[in-house]
1. If only one of LEU92, LEU37, LEU106, LEU59 is within 26 Å of ILE133 (Cα to Cα), surrounded by 12 or more Cβ atoms within 10 Å (Cβ to Cβ), touching a residue at least 40 places away in the same chain (Cβ under 8 Å) and of a type outside the set (Gly, Ala, Ser), which one is it?
2. Restricting to segment 32-52, what's the tally of residues that are out of contact with any Ser or Thr (no Cβ under 6 Å at 6 or more places or on another chain) and either part of a strand (DSSP E or B) or among the β-branched types (Val, Ile, Thr) (or both)?
3. Filter segment 104-121 for residues that are under 15 Å from LEU59 (Cα atoms) and among the small types (Gly, Ala, Ser) and give the result.
4. Part of a helix (DSSP H, G or I) and closer than 20 Å to PHE136 by Cβ: does that describe GLU93?
5. Take the conditions surrounded by fewer than 13 Cβ atoms within 10 Å (Cβ to Cβ) and in contact (Cβ under 8 Å) with a residue 40 or more places away in the chain and apply them to GLU12. Does it pass?
6. Could you count how many residues in segment 99-143 are in a helix (DSSP H, G or I) and either under 14 Å from THR66 (Cβ atoms) or touching a His at 6+ places or on another chain (Cβ under 7 Å) (or both)?
7. So, of the residues in segment 111-126 that are over 15 Å from the mean Cα position of the chain (by Cα) and of a type in the set (A, V, I, L, M, F, W, C), which turns out to be farthest from VAL73 (Cα to Cα)?
8. Keeping to segment 53-85, report how many residues are assigned to a loop (DSSP other than H, G, I, E, B) and among the hydroxyl-bearing types (Ser, Thr, Tyr).
Amino acid sequence: MTVLEITPASPEYPAMQRLRDEILRKPLRLSITPEDLEAESDQRHFVLIENESVIGCALMFPVSETEAKVRQVAIAESERGRGLGVFLMEELEKTARSDGFESILLHARATAVSFYEKIGYEIVSDRFIEVTIPHFAMRKPLE
C-alpha cells in the first residue's frame, strides 16, 4: 500500500475522480463538475494505491506560509475499517511537515468529526453548511 502524488495527466487521475464522485458527491445528489476540477488544478492530488487500485484519495494546498489545507478525503467503502484513513492522513501530515507547514486545516463533515478528533484534530469553528451538509473547521498542529 502506498500514497502517490499525482497530476491530472497521471493514469490514476480518472479513478481518483470516480472515487471522489462516488463517495463524496453522489450521496448528496451532486457531481464533480469540470469547473470544480479547473478550480483545484493548482492543488496537490494524492491517491492511496493497493494492488494497483485507487482505494483512497485527498487534495492538499497551502492556505498560508505555515498552514496547509486538506480536502476531499475519501476511502472506498469496501476498504473502510482497515485504518486506511488514518494511514492516508499520516502520509499527508508527513508531506506537509516536510514542506515546512506547521499545521493542517480541514473542513470535516459533522459525521467525520470523531475520526479527525481521534487523530489529533480540534474543532476551530462553529458548525457551518458546505456542499449542503454540516461541517466544522478543524486544525492540527504538526510537530
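1. Details: LEU37 fails: touching a residue at least 40 places away in the same chain (Cβ under 8 Å); LEU106 fails: touching a residue at least 40 places away in the same chain (Cβ under 8 Å); LEU59 fails: touching a residue at least 40 places away in the same chain (Cβ under 8 Å).
Of LEU92, LEU37, LEU106, LEU59, the one residue that is within 26 Å of ILE133 (Cα to Cα), surrounded by 12 or more Cβ atoms within 10 Å (Cβ to Cβ), touching a residue at least 40 places away in the same chain (Cβ under 8 Å) and of a type outside the set (Gly, Ala, Ser) is LEU92.
2. Taking segment 32-52 as the starting set, the residues that turn out to be out of contact with any Ser or Thr (no Cβ under 6 Å at 6 or more places or on another chain) are 32-48, 50-52.
With the extra rule that they be either part of a strand (DSSP E or B) or among the β-branched types (Val, Ile, Thr) (or both), the set shrinks to 32-33, 44-48, 50.
The qualifying residues number 8.
3. Going through segment 104-121, the residues under 15 Å from LEU59 (Cα atoms) turn out to be 104-108.
Result: ALA108, single match.
4. Details: part of a helix (DSSP H, G or I): yes; closer than 20 Å to PHE136 by Cβ: yes.
Here the answer is yes, as GLU93 does meet what is asked.
5. Values: surrounded by fewer than 13 Cβ atoms within 10 Å (Cβ to Cβ): no; in contact (Cβ under 8 Å) with a residue 40 or more places away in the chain: yes.
In short, no.
6. Selection size over segment 99-143: 1.
7. If we take residues in segment 111-126 being over 15 Å from the mean Cα position of the chain (by Cα) and of a type in the set (A, V, I, L, M, F, W, C), then VAL124 is farthest from VAL73 (Cα to Cα).
8. Step one: filter segment 53-85 for residues assigned to a loop (DSSP other than H, G, I, E, B), giving 63-66, 76, 80-83.
From the residues that got through so far, the ones that are among the hydroxyl-bearing types (Ser, Thr, Tyr) too are 64, 66.
Selection size over segment 53-85: 2.
Rule-based calculations on the coordinates, nothing more; no lab input. Remember, it's a predicted structure, so these values are computed and weren't measured experimentally. All Cβ positions, even for glycine, are placed from backbone atoms using ideal geometry, and neighbour counts span all protein chains on display.
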